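Engineer: There's a structure below that I have some questions on.
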Ligand code: ARG
């Protein structure tokens, strides 16, 4: 078999072996291999069955070494939308299905882990692409002196949207960006997300009256949309997926990092803490209160959210459960340990095997800052 095809054939064999080993009811491995081989010789690529796709997507989650939330990998729901994205004109249909994805995943607050898989890349066809790194992102507007209104992480994406003709209204700190999508071989296009597809949670502190003055909020669904789903040598470049949030992602990073919303000084101020010295531990104390506010607000809104203590315990349960099945769980310590109170969670006090496995979610290079 020639170069390019061999590059697909080898991982295809590896994947199909895994699939048939774990799904003994799936029929004959030998027959399936012969079929795939013929298809590869013929077309340079092959098509997964619906079952292979669903299994591959779930195992890609299982293999995500940076994800602490993998206990529920089997419950991932898979939308097979491979008929969309073959043509340059499919961008609008993809954007529409991304909005549908958000509605199904949001589920009125009872978040469902979900992936929507669009057309794969194929020889001579790059496949569709979602430029937005998550389906829901808040704009970051840079002004002349370099200050940012909104999320500084997204200034690149915001510039791209503005360059494509997006006209924001008032420029608040929490403007949802339009989706930026391109069909195979097409140019990037803008698609505003319908309001009813984006559930947001107003953030308030259980004791401090923050909500009125501060207007803080965050969206309910973290849907990563710029990673390729790789299964058996086939790459699905547009395959947005989501789980639910763990509180610290928002409270200890998105709202707290100095290069994100940078809210710790403000929180500390409202708590009357001495910000003049590190040794008052004002950052640490502000972090705790900010994270209490996030958990409290999601609970009050009835939106699924994990806390880092529970999720850490679940992750060790996951490792044990996988071990019983004879499978080693790969993990990246620096991502698994929560960004606050690390040593107060059990995931801190051990090491992990960091072997990377496939199927996998991989980033084939960011398109925006
Ligand atoms: N950390 C990212 C964010 O804050 C989301 C990454 C995926 N998170 C998840 N819980 N599935 O938006």
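Engineer: Does residue 39 qualify as being under 26 Å from residue 224 (Cβ atoms) and surrounded by 14 or more Cβ atoms within 10 Å (Cβ to Cβ)?
Structural biologist: Considered against the rule, which asks whether it is under 26 Å from residue 224 (Cβ atoms) and surrounded by 14 or more Cβ atoms within 10 Å (Cβ to Cβ), residue 39 comes out as no.
Engineer: Another question, then. Please go through the stretch 203-216 and pick out each residue that is buried (at least 16 other Cβ atoms within 10 Å of the Cβ) and either more than 16 Å from the ligand (Cβ to nearest atom) or part of a strand (DSSP E or B) (or both).
Structural biologist: 204, 205, 210, 214
Engineer: Which of the residues that make up the stretch 285-319 are under 15 Å from residue 253 (Cβ atoms) and part of a helix (DSSP H, G or I)?
Structural biologist: 286, 287, 288, 290, 291, 293, 294, 295, 308, 311
Engineer: Let me ask something else about it. Can you report the number of residues in the stretch 331-359 which are outside any helix (DSSP H, G or I) and either over 24 Å from residue 249 (Cα atoms) or touching a helix residue (DSSP H, G or I) at 6+ places or on another chain (Cβ under 9 Å) (or both)?
Structural biologist: 16
Engineer: Of 223, 252, 239, which residue is within 16 Å of the ligand (Cβ to nearest atom), farther than 20 Å from residue 106 by Cα, in contact (Cβ under 8 Å) with a residue 24 or more places away in the chain and in contact with a helix residue (DSSP H, G or I) (Cβ under 8 Å, 6 or more places away or on another chain)?
Structural biologist: Residue meeting the stated conditions: 252.
Engineer: Here are some residues: 273, 290. Which one is more than 20 Å from the chain's Cα centre (by Cα), buried (at least 19 other Cβ atoms within 10 Å of the Cβ) and away from the ligand (no atom under 16 Å from the Cβ)?
Structural biologist: 273
Engineer: How about the stretch 305-326: which of its residues are within 16 Å of the ligand (Cβ to nearest atom), free of Cβ contacts under 8 Å to residues at least 12 places away in the same chain and touching a helix residue (DSSP H, G or I) at 6+ places or on another chain (Cβ under 9 Å)?
Structural biologist: none
Engineer: Can I ask one more? Keeping to the stretch 250-270, report how many residues are crowded, with 20+ Cβ neighbours inside 10 Å and either within 12 Å of the chain's Cα centre (by Cα) or at pLDDT below 95 (or both).
Structural biologist: Count: 0.
Engineer: Residues in the stretch 157-170: is at least one assigned to a loop (DSSP other than H, G, I, E, B), within 16 Å of the ligand (Cβ to nearest atom) and out of contact with any helix residue (DSSP H, G or I) (no Cβ under 6 Å at 6 or more places or on another chain)?
Structural biologist: For the stretch 157-170, residues assigned to a loop (DSSP other than H, G, I, E, B), within 16 Å of the ligand (Cβ to nearest atom) and out of contact with any helix residue (DSSP H, G or I) (no Cβ under 6 Å at 6 or more places or on another chain): absent.
Engineer: OK, next. Suppose the filter is at pLDDT 95 or above, away from the ligand (no atom under 16 Å from the Cβ) and on the phi > 0 side of the Ramachandran plot; does residue 185 pass it?
Structural biologist: No, not satisfied.
Engineer: Still on this model: If you take the residues of the stretch 193-202 that are closer than 16 Å to residue 104 by Cβ and within 16 Å of the ligand (Cβ to nearest atom), which of them is surrounded by the fewest Cβ atoms within 10 Å (Cβ to Cβ)?
Structural biologist: Among those residues, the one meeting the criterion is 198.
Engineer: Looking only at residues in the stretch 55-114 that are at pLDDT below 95 and in a helix (DSSP H, G or I), which one is farthest from residue 230 (Cα to Cα)?
Structural biologist: Residue satisfying both the conditions and the ranking: 89.
Engineer: Residue 38 - would you say it is away from the ligand (no atom under 16 Å from the Cβ), without any contact (Cβ under 8 Å) to a residue 40 or more places away in the chain and closer than 12 Å to residue 359 by Cα?
Structural biologist: no
Engineer: What's the total number of residues in the stretch 272-284 that are in contact with a helix residue (DSSP H, G or I) (Cβ under 6 Å, 6 or more places away or on another chain) and outside any helix (DSSP H, G or I)?
Structural biologist: Here the count works out to 3.
The values are calculated or read from the model by the stated rules, or taken from the named source; none is laboratory data. In this text, all values refer to a predicted model and were calculated from it rather than measured experimentally. Counting neighbours? That spans all protein chains shown, and the Cβs are built from the backbone with ideal geometry, glycine included.
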